[in-house]
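Everything on this sheet refers to the single structure shown next.
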Amino acid sequence: MKVYLDNAATTPVRKEVVEAMQPFFSEKFGNASSLHSFGVEARNELEKAREKTASILKVKPSEIIFTSGATEADNFSLKGTALVARKEGKKHLITTAIEHHAVLHSMQWLETQGFDVTYLPVDEFGLVDVEQVSEAIRKDTFLVSVMAANNEIGTIEPFEEIAKICSERNVLFHTDAVQAIGKIPMDLKDIDLLSLSAHKIYGPKGSGVLVVKENVQIEPLIHGGGHEFGKRSGTENVASAVGLAKALELAEKERESEAKRQTALRDKLIDGVLQIPNTRLNGHPTKRLFNNANFSFSFIEGESLILRLNEKGIAASTGSACSSPNLKPSHVLLALGLKPSEAHGSLRLSLGRNNTEEEIDYVLEVLPLVVESLRKISPFAGQ
């Protein structure tokens, strides 16, 4: 049996999405910025995709900027607002210790450019304290970036509360909503900037969105022909925009039913895995995404566990796929207070719309045997 439980890393493109995109590779191939009929046809479809995306997110079409993915969107939101803030004499940003590397590395780069960054800690479940965010805001703070839900441990952050505080303090708020979109309801009323990616919701890779509210001043990072309202130059990828909009539409349409179905599978998985001795669940026990289960197994190493499971036909991960070649312990798990040895022995199982109860039963049959076999050869077991 082959079981794919790495849906937090990427998802297969849905048939409906492929069908929606297909015409724009050959039949409707025009450049959306051209004035002739081929270009006008492409432009019309691009704007339909923008309007659909905006309608689902409950924002204005002019606030939707299509990007190459969430990494670009995260970089754009932080660096683009920083360039404006510097002109106004502001240089302080706030984020958390468990953000995606697209945010953390952008913050670190900004520090080399003379900006100050406050990295807030999280508790043992991965939750940031709302009061700590409020207390960290200074007179020169221009942006707070807190992810909606963590990509490794699935903890859902109090992002809407933080967004409201930022709005009241006249500070911009950005959220990386890559894992949250399509899984939890989101109110963007007080959110100034939001990043999302299509390939996490059964859309195409290389397609993302940055929501930029009309009150936000942001400097472009990519210069050229002035596409995307002058904010992001480059010939528009109509096929990707259409695919993203369709994937988002389907994800929101099925969100409640999939939440109920996948929550049941997730809980069965968690209950079963925790029967394995010396195992802990990482992340919040209840405030977590319905498709996420992250565990740490004492005395074994995560990469070996992944390889053994793969031999049994089970695809999983130790954390973020964006940094999987890096054998350093997860910065997220270390921020929770785990020791490096504990963080190394982690396993992320992330469910999707194609997973079945039969597959979960198979994992619960195989995983305890794999863990036991690895512990038998571990020099640390029994110490």
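The values are calculated or read from the model by the stated rules, or taken from the named source; none is laboratory data. Because the structure is a prediction, the values reported are computed rather than measured. No Cβ is skipped: glycine too gets one built from the backbone with ideal geometry, and neighbour counts run over all protein chains shown.
Are there any pairs with C-beta distances below 9 angstrom linking a residue in the stretch 57-83 that is without any contact (Cβ under 8 Å) to a residue 24 or more places away in the chain to a residue that is assigned to a helix (DSSP H, G or I), with the two at least 6 apart or on different chains, and if so which?
From residues that are without any contact (Cβ under 8 Å) to a residue 24 or more places away in the chain, the pairs are 61/47; 61/50; 61/51; 61/53; 61/54; 61/55.
Just checking, how many residues over the stretch 324-344 are at pLDDT below 85 and among the charged types (D, E, K, R)? Please lay out each step first, then the result.
Step one: filter the stretch 324-344 for residues at pLDDT below 85, giving 324-328, 341.
From the residues that got through so far, the ones that are among the charged types (D, E, K, R) too are 328.
Of the residues in the stretch 324-344, 1 are at pLDDT below 85 and among the charged types (D, E, K, R).
Would the stretch 214-225 turn up any residue that is touching a residue at least 24 places away in the same chain (Cβ under 8 Å) and under 23 Å from residue 30 (Cβ atoms)? Let's see the steps before the verdict.
First, the residues of the stretch 214-225 that are touching a residue at least 24 places away in the same chain (Cβ under 8 Å): 214, 216-221, 225.
Subset that is under 23 Å from residue 30 (Cβ atoms): 225.
Scanning the stretch 214-225 turns up at least one residue that is touching a residue at least 24 places away in the same chain (Cβ under 8 Å) and under 23 Å from residue 30 (Cβ atoms).
Just name the residue that is nearest to the chain's Cα centre (by Cα) out of those in the stretch 265-311 that are hydrophobic (A, V, I, L, M, F, W, C), more than 19 Å from residue 334 (Cβ to Cβ) and in a loop (DSSP other than H, G, I, E, B).
289
Quick one: how many residues across the stretch 15-36 are within 28 Å of the chain's Cα centre (by Cα) and crowded, with 20+ Cβ neighbours inside 10 Å?
Kept after step one, since they are within 28 Å of the chain's Cα centre (by Cα), are these residues of the stretch 15-36: 15-22, 24-25.
Next, only the ones that are crowded, with 20+ Cβ neighbours inside 10 Å stay: 17, 20-21, 24.
Residues that pass the stated criteria total 4.
Just to be sure before I move on: is residue 8 surrounded by 20 or more Cβ atoms within 10 Å (Cβ to Cβ), in a loop (DSSP other than H, G, I, E, B), among the hydrophobic types (A, V, I, L, M, F, W, C) and modelled with pLDDT of 90 or more in the structure I sent? Even if it seems obvious, please write down each step before you answer.
Numbers: surrounded by 20 or more Cβ atoms within 10 Å (Cβ to Cβ): yes; in a loop (DSSP other than H, G, I, E, B): yes; among the hydrophobic types (A, V, I, L, M, F, W, C): yes; modelled with pLDDT of 90 or more: yes.
The answer is yes for residue 8.
Would you pick out the residues in the stretch 124-165 that are within 17 Å of residue 100 (Cβ to Cβ) and in a helix (DSSP H, G or I)?
Pass one, the stretch 124-165, residues within 17 Å of residue 100 (Cβ to Cβ): 126-128, 143-157, 159, 162.
Result: 159, 162.
So which residues in the stretch 229-277 are under 30 Å from residue 376 (Cα atoms) and either among the acidic types (Asp, Glu) or at pLDDT below 95 (or both)? Show your work before the answer.
Step one: list which residues in the stretch 229-277 are under 30 Å from residue 376 (Cα atoms), which gives 265-277.
Listed by number, the residues that qualify are 267, 271.
Which ones in the stretch 312-323 are closer than 21 Å to residue 360 by Cα and either in a helix (DSSP H, G or I) or at pLDDT 90 or above (or both)?
From the stretch 312-323, those closer than 21 Å to residue 360 by Cα are 312-319; that's our starting set.
Residues satisfying the conditions are 312, 313, 314, 315, 316, 317.
Would you confirm whether or not the stretch 228-242 contains a residue that is closer than 18 Å to residue 47 by Cβ, in a loop (DSSP other than H, G, I, E, B), among the β-branched types (Val, Ile, Thr) and touching a residue at least 24 places away in the same chain (Cβ under 8 Å)? Give the steps one after another, and end with the answer.
Step one: of the stretch 228-242, the residues closer than 18 Å to residue 47 by Cβ are 228-242.
Then drop every residue that is not in a loop (DSSP other than H, G, I, E, B), which leaves 228-237.
After this cut, where a residue has to be among the β-branched types (Val, Ile, Thr) as well, the list is 235.
Keeping just the survivors that are touching a residue at least 24 places away in the same chain (Cβ under 8 Å) gives 235.
Among the residues of the stretch 228-242, at least one is closer than 18 Å to residue 47 by Cβ, in a loop (DSSP other than H, G, I, E, B), among the β-branched types (Val, Ile, Thr) and touching a residue at least 24 places away in the same chain (Cβ under 8 Å), which makes the answer yes.
Name the one entry in 307, 269, 274 that is crowded, with 19+ Cβ neighbours inside 10 Å, farther than 27 Å from residue 172 by Cα, hydrophobic (A, V, I, L, M, F, W, C) and out of contact with any His (no Cβ under 7 Å at 6 or more places or on another chain).
Working: 307 fails: crowded, with 19+ Cβ neighbours inside 10 Å; 274 fails: crowded, with 19+ Cβ neighbours inside 10 Å.
It is 269.
Going by the conditions given, is residue 257 crowded, with 20+ Cβ neighbours inside 10 Å and under 30 Å from residue 292 (Cα atoms)?
Numbers: crowded, with 20+ Cβ neighbours inside 10 Å: no; under 30 Å from residue 292 (Cα atoms): yes.
So residue 257 does not fit the description; no.
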